[in-house]
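Heads up: the structure comes next, in structure tokens.
The values are calculated or read from the model by the stated rules, or taken from the named source; none is laboratory data. Since we're looking at a predicted model, the values are computed, not measured. For neighbour counting, all protein chains shown are included, and Cβ atoms are generated from backbone atoms with ideal geometry for every residue, glycine included. For the accessible areas, the whole protein counts, side chains as well, though only heavy atoms, and no ligand, DNA or RNA atoms are used. Shrake-Rupley method; radii C 1.70, N 1.55, O 1.52, S 1.80 Å.
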Amino acid sequence: FRLGNLLYKEKKYSEAVDVFKKALHLKSDDYQSFFMLGNCYRVLKLWDEAIKSYYKVLHYEPNFSAVHLNLANCLRTQGFSNDALFHFQKALKSDPNNFTAQRGFSSFAAEILEITLKNKPYETYLEVLSKIKEIIKNEQFLFRYLHTHLLMNEHWEEGFRVFLDRFSKYEREKKGVE
């Protein structure tokens, strides 16, 4: 395992894969080796292998936040949006203050909002935004990230309007005024 980690740090991912496979041959329930094997496959863009490795980790450690996050990103890359969303939520549930999980989920949510704006009425956008807000409790982070994203694309007017509406409501609630 240590040799595999060393090779991983040296960016010798293919060699690290061989070492982690050997480690798993000796100890088939070593979730850390499965995790690092998944990380090697992810860096090598061998998505199916990475996904399989991460699922094996979850068999042994179902609340491992980093695994849910890496798995969500692999699934997102492969177009499995619902599964990716599930694992982003699990990552945030396991570690609500994980900035990387918040950023990854918010980026994914911004893509969903952008698609929603292109294909659905504006009210649907507000519904989707509310559901996303339920998942990420850090509203200031969510507002800043999502609406910065929207302000930088063709839907800047809608993004800005929602930002102002939501932020003013947030400020009123924070001060105890409704």
Worksheet item: Which of the residues spanning segment 9-59 are farther than 19 Å from Gly79 by Cβ and of a type in the set (Asp, Glu)?
Response: Glu10, Glu15, Asp18, Asp29, Asp30
Worksheet item: Of all residues in segment 18-47 being more than 18 Å from the chain's Cα centre (by Cα) and of a type in the set (Ser, Thr, Tyr), which is least open to solvent (accessible area, probe 1.4 Å)?
Response: Ser33
Worksheet item: Which of the residues spanning segment 86-99 are assigned to a helix (DSSP H, G or I), surrounded by fewer than 20 Cβ atoms within 10 Å (Cβ to Cβ) and among the charged types (D, E, K, R)?
Response: Lys93
Response to the item:
Scanning segment 35-54 residue by residue, the ones that are in contact with a Phe, Trp or Tyr (Cβ under 8 Å, 6 or more places away or on another chain) and under 19 Å from Ala23 (Cα atoms) total 11
Discussion item. Being over 13 Å from Asn39 (Cβ atoms) and aliphatic (A, V, I, L, M) is the filter here; which residues of segment 51-76 pass it?
Written reply: Leu58, Ala72, Leu75
Item to complete: Say whether the condition of being surrounded by fewer than 16 Cβ atoms within 10 Å (Cβ to Cβ), out of contact with any Asp or Glu (no Cβ under 7 Å at 6 or more places or on another chain) and aromatic (Phe, Trp, Tyr) is met by at least one residue in segment 49-70.
Response: yes
